[in-house]
Amino acid sequence: MLEDLDDITFEDLSKFRKKEEAPDFPLVRIVGQQQMKRALMLLASNPGIGNMLLVGEAGTGKGTAARGLKTLLPNLEVVKDCEYNCSPGDKDDMCLACTSKAKGKLEVTAGPTPLLELPIGASEKMIFGSFDHKGRFKPGIIGRANKGYLLVERANLLGSDMLLKLLDVSESGVHKYREGKKEYVHPSKFVIIGTMNPEDGELDDEVLGRFGMVIEVRSIKDIEERIEIVRNVETYRNDPKDFVEKSRRETLAFKERIANSRNLIKRADVPKKVQTAIDKVAKQVNQDNDWVKGTLQQAALANAAFDDRIWVTVDDVAEVADIVLGHRVEA
Ligand SMILES: [Zn+2]
């Protein structure tokens, strides 16, 4: 078995999953990688933290973990047949079709929070949308990802310009599409979960700094853990549905914990003492700006809520400081 350790990786698993259309590998069954799993759950608890990047070699399970988040996300109440998942209660943030329908009564339905995957090599049209021959706007993936998450695997291969364009839309929550003289505007509020393998090339500091959290994912060296990984991957490959079913209870427990965190965050308060701590650590790494401090605060809020608390402490700030600030520290 030991000689197989280097052959079976999560990279291999993701090819298998695509071929077989198997259900996603459960996040709760990923061995080790505590920091990555925790950060993903914090992001599911509080999309307000902003965009996240997972950096590590191929086969460390970054994409598999991100996909595993799908089953942990809460359901959304959306306007029926809306291409942008508009929320019926949020009249100021609706697409044109819903805005015009909103004068009457909107039909409401519930659906899972979208976690869409940007295919590698996707065209601009696929990402940003386009007008069809009748002049109607057809949304791209960033329209359909509204209110959800967008997984961008090997994000550095997209190129800085395209990544910055995606980050701009994600941060503003609105997409203004222009083609010649025609323009179409629609809500596009999504959180990017990017992955990158440094062997594919580096990312500009400017682009890197725009990610709220950056997590370094290292391959697991512990032999016991590696054996457990191989065992899990093999069991999953033999019968993916059964493997997912056996993890259902644990998956549901985390889904409830995330839903609970989202409710707690609405009531949570950041005391003066914690604000002062945020100011202090941001200054220490020359990041005394509101955007970075806001990100740190949102991550600390999520950290407290995920542990079932509405009171945020200085320890919460310390626990998330590395993933929010680590990539901003000048070498
Ligand atoms: Zn709509």
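The values are calculated or read from the model by the stated rules, or taken from the named source; none is laboratory data. Note that the coordinates shown come from a computational prediction; the quantities given were computed from them, not determined experimentally. Don't worry about glycine lacking a Cβ; one is built from the backbone with ideal geometry, like all the others, and counts go over all protein chains shown.
Scanning the range 142-188 for residues that are under 16 Å from the mean Cα position of the chain (by Cα), among the hydroxyl-bearing types (Ser, Thr, Tyr) and within 16 Å of the ligand (Cβ to nearest atom) yields a single hit, SER188.
Yes/no matrix, rows are residues, columns are (1) over 23 Å from GLU206 (Cβ atoms); (2) assigned by TED's automatic domain parsing to the domain that holds TYR184; (3) surrounded by fewer than 12 Cβ atoms within 10 Å (Cβ to Cβ):
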{"position": "ILE127", "(1), (2), (3)": "no, yes, no"}
{"position": "HIS133", "(1), (2), (3)": "yes, yes, yes"}
{"position": "LYS147", "(1), (2), (3)": "yes, yes, no"}
{"position": "LEU150", "(1), (2), (3)": "no, yes, no"}
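If the condition is being more than 9 Å from the ligand (Cβ to nearest atom), free of Cβ contacts under 8 Å to residues at least 24 places away in the same chain and assigned to a loop (DSSP other than H, G, I, E, B), then the range 79-93 contributes PRO88, GLY89, ASP90. When ARG226 is tested against (1) over 27 Å from THR113 (Cβ atoms); (2) modelled with pLDDT of 95 or more, only condition (2) is not met.
The residue that is farthest from VAL78 (Cα to Cα), counting only those in the range 113-125 that are loosely packed, with under 14 Cβ neighbours inside 10 Å and of a type outside the set (Ser, Thr, Tyr), is GLY121.
Taking THR113 as the residue in question, decide whether it is more than 21 Å from LEU203 (Cβ to Cβ), among the β-branched types (Val, Ile, Thr) and within 17 Å of the chain's Cα centre (by Cα). Criteria met by THR113. Hey, among LEU76, LEU118, LEU96, which residue is away from the ligand (no atom under 13 Å from the Cβ) and at negative phi? Being away from the ligand (no atom under 13 Å from the Cβ) and at negative phi holds for just one of LEU76, LEU118, LEU96, which is LEU118. The residues in the range 196-211 that are surrounded by fewer than 23 Cβ atoms within 10 Å (Cβ to Cβ) and touching a Lys or Arg at 6+ places or on another chain (Cβ under 8 Å) can be counted, and the count is 3.
Can you confirm whether the range 94-105 contains a residue that is outside the structural domain of MET41 (by TED's automatic domain parsing), of a type in the set (Gly, Ala, Ser) and within 16 Å of GLY173 (Cβ to Cβ)? No, every residue in the range 94-105 fails to be outside the structural domain of MET41 (by TED's automatic domain parsing), of a type in the set (Gly, Ala, Ser) and within 16 Å of GLY173 (Cβ to Cβ). Evaluation of ALA110 against the conditions (1) surrounded by 14 or more Cβ atoms within 10 Å (Cβ to Cβ); (2) outside any loop (DSSP other than H, G, I, E, B); (3) within 16 Å of the ligand (Cβ to nearest atom) shows that the sole unmet condition is (1).
Screening GLU256 on (1) at pLDDT 95 or above; (2) touching a helix residue (DSSP H, G or I) at 6+ places or on another chain (Cβ under 9 Å) shows it passes everything except condition (2).
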